[in-house]
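My questions will all concern the structure given below.
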Amino acid sequence: MAASVREKQAAALKRMLNFNAPPLKNTAAEPVWKVLIYDRCGQDIISPLLAVKELRDMGITLHLLLHSDRDPIPDVPAIYFVMPTEENIDRICQDLRSQLYESYYFNFISAISRSKLEDIASAALSANAITQVTKVFDQYLNFITLEDDMFILSNQNKELISYHAINKSDIMDTEMEAIMDTIVDSLFCFFVTLGTVPIIRCPRGNAAEMVAVKLDKKLRENLRDARNSLFTGDNMGASQFSFQRPLFVLADRNLDLATPLHHTWTYQALIHDVLDFHLNRVSMDESVGSESSPAGARPKNKKSYDLTSADMFWQKHKGSPFPEVAESVQEQLDTYRAQEDEVKRLKSIMGLEGEDEGAISSISMSDNTAKLTLAVSSLPELLEKKRLIDLHTNVATAVLDHIKSRKLDVYFEYEEKLMSKSTLDKSLLDIIGDPDAGTPEDKMRLFLIFYITALQPTSETDLDQYKKALLDTGCDLSPVNYIKQWKAFTKIAATPSNYGNSGVKPMGLFSRVMNSGSQFVMDGGKHLVLKQHNLPITRILDNLMEMKSNPETDDYRYFDPKMLRGSESSIPRNKNPFQEAIVFMVGGGNYVEYQNLVDYTKAKPGKRVLYGCSELFNAGQFIKQLSSLGQK
């Protein structure tokens, strides 16, 4: 599979912005100027993939939200990229009646129904704009790619398919059907864009199974309909595929509730945990003004940074342990300063030498000119370097402040011990009771991990003692109530094997001990040395991808949409290990699992793994969902 899903989705968008024709290779030709109209969903899909500059290069002079007040621009074609919802269709009909643009290209993010198409047609008729509606396309792009190997389903109405929505006690069958259909629609779009029909595996008896059954049916129906199949012909690009189809593992969030609550130690996951990190953009408050003004009186500036695939530092370090990142930022800063001084020095030499002409021979002059030209020509590159260094210095400093003020290293270490069943050096009550360690939410997360991973069920008296301690620090106990119900309901107290710790060689990210003398690094933060262990989802993937027999996964159902008759079996037909796999978490995922899968893949040359989830939440957002479940 040569192209990543990110490249494929970006290519599909570029094709759409070029009126659904492949973009021309010769860039000398002036692009056709046009307007892009999108809804919030369209905006979320485009923003992580294409920068404003790229849009401009494609001839997009203006990009506007569908539901904003837009002035007519009668001599310009408009490309629409919207979900086929009732209100969007109404607004499109209104645009046609108001004759806003010269011609209309309607692109629907997900397939539009016959009846809605008829609504548009009748509006075009009544507005006498039939000739102006040039094309209507279903784009099948209803998912958001955040990394080459990571995607999420939705960002706008994510509460509709959240963990909370799937697991609330009073859910109606019709609601559940609707949630499953939404998820399947997006996954179907994902596979159409990828251009491949997967082999599906899933556990039995939960939401993941419902998704698998529906997705299998939808893929199967599309393959049967030979004339309109989306998996044949030119849009497949047969050359890109390895002969083997990918494995698609559907898992349910209930399989592992501890990981989303875990305090983490790698850069990207930490940013997501402690800062406002959203669709690859991190927003943070920057203090403005002099340091001397009284604390709290300084005005705050909202600053946002995009962490993109073009940022080499980010690509290299997003999965690194935080101390390592801090050290690298410092190194980059030092190198940059050296280069900057060199440029200044050269400029000053040139300035001086211009005055004292007689004292210098023309040879050294030309030599210096060459040097200066080199220095000046590398200036834009230096400035971009400087921008990225400043960005990471600010972000890393903000993260470090959180680590220090909330003692996150203590939490991280303690939770690692809980999850790997190592011996604990101090009691849980001590940490919960320590007023300096973390926020009430941090304490709640720690306790829930302890409660979820405990081998013996916690006795009522102990539980009351913990609850009292949590209440004293200002926690809301609703999440505990929900987890208690959840444990009673699942009846499968997580067995110790679940967070893997036995026989793990201490290799991987954390084992390189950190030591550094730079002032920016972790004064106060510990250098933690950790064993690399596989999280439950990674272990499940490993079993299924390598065709290992394991009681945990032997009962997983097996679907192959290409088979004529759907067979009810858990016996895989092919016995070869898979080279490519897609893991999908129904009920939400996080960067901790993503990073764990990335590390797993790094150790397996030639394998590729993608991670997807119905929504991406950090621990704070997950706790909110748990507490609203616990309040019922």
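Computed FRET efficiency, Cβ-Cβ of LYS468 and ASP285, R0 30 Å: what is it to the nearest 0.05? Display every interim value, and only then the final one.
Numbers: r = 35 Å, r/R0 = 1.16.
According to the calculation, E is roughly 0.30.
Okay, next question. Leaving ligands and nucleic acids out of the surface, order SER115, SER186, SER169 by accessible area at 1.4 Å, largest first.
On the way: SER115 70, SER186 5, SER169 100 Å².
Highest to lowest solvent-accessible surface, that is SER169, SER115, SER186.
May I pose another question? Quickly work out the THR369-to-ARG345 label distance, labels modelled 7 Å from Cα along the C-beta direction, and quote it in nm with one decimal.
Distance between label points: 2.3 nm.
As an exercise, use a Förster radius of 51 Å and the Cβ-Cβ distance of SER405 and THR174 to find the FRET efficiency, rounded to the nearest 0.05.
Details: r = 47 Å, r/R0 = 0.91.
Once the sixth-power term is evaluated, E becomes 0.65.
In addition: Residues with amide H under 5 Å of VAL609's amide H, sequence separation 5 or more or different chain, H placed in the peptide plane at 1.01 Å from N; which?
HN-HN under 5 Å from VAL609: ALA581.
Give me the accessible area per residue for the range 1-96, probe 1.4 Å, as a whole number in Å².
I get 48 Å² per residue for the range 1-96.
Which chymotrypsin sites (Phe, Trp or Tyr not before Pro) in the range 242-284 pass both tests, a DSSP loop state and at most 15 other beta-carbon atoms within 10 Å?
Answer by residue number: PHE243.
Order of 408-418, 467-477, 442-452 by packing, highest average Cβ count within 10 Å first?
442-452, 408-418, 467-477
Give me the mean projected area, in nm² to one decimal, of the convex hull enclosing the Cα positions of the range 36-195.
10.8
Then there is this: What is the range 1-136's relative contact order, in percent, from Cα pairs under 8 angstrom and six or more apart in sequence?
22
Report the net charge of residues surrounding TYR336, where surrounding means a beta-carbon distance below 13 angstrom and charges are Lys +1, Arg +1, Asp -1, Glu -1.
It works out to a net charge of -3.
How do 557-563, 587-593, 67-73, 432-438 rank on mean C-beta neighbours within 10 Å, highest first?
The packing order, highest mean first, is 587-593, 557-563, 432-438, 67-73.
Set the Förster radius R0 to 35 Å, insert the Cβ-Cβ distance between ASP599 and ASP306 as r into 1/(1 + (r/R0)^6), and round the FRET efficiency to 0.05. If you can, show how the numbers build up before the last one.
Details: r = 25 Å, r/R0 = 0.71.
Calculated value: 0.90.
Quick one: compute the contact order of the range 358-489, relative version, from alpha carbon pairs under 8 angstrom and 6+ residues apart, as a percent.
After rounding, I find 20 percent.
Another question, then. How do 387-399, 100-112, 597-609 rank on mean C-beta neighbours within 10 Å, highest first?
By packing density, highest mean first, the sequence is 100-112, 387-399, 597-609.
What is the projected area of the convex hull of the Cα atoms of the range 50-91, averaged over all directions, in nm²?
About 3.7 nm², averaged over all directions.
The values are calculated or read from the model by the stated rules, or taken from the named source; none is laboratory data. The structure displayed is predicted, hence computed values, not measured ones. Counting neighbours? That spans all protein chains shown, and the Cβs are built from the backbone with ideal geometry, glycine included. Protein only, heavy atoms only, side chains kept; ligands, DNA and RNA dropped before computing areas. Shrake-Rupley method; radii C 1.70, N 1.55, O 1.52, S 1.80 Å.
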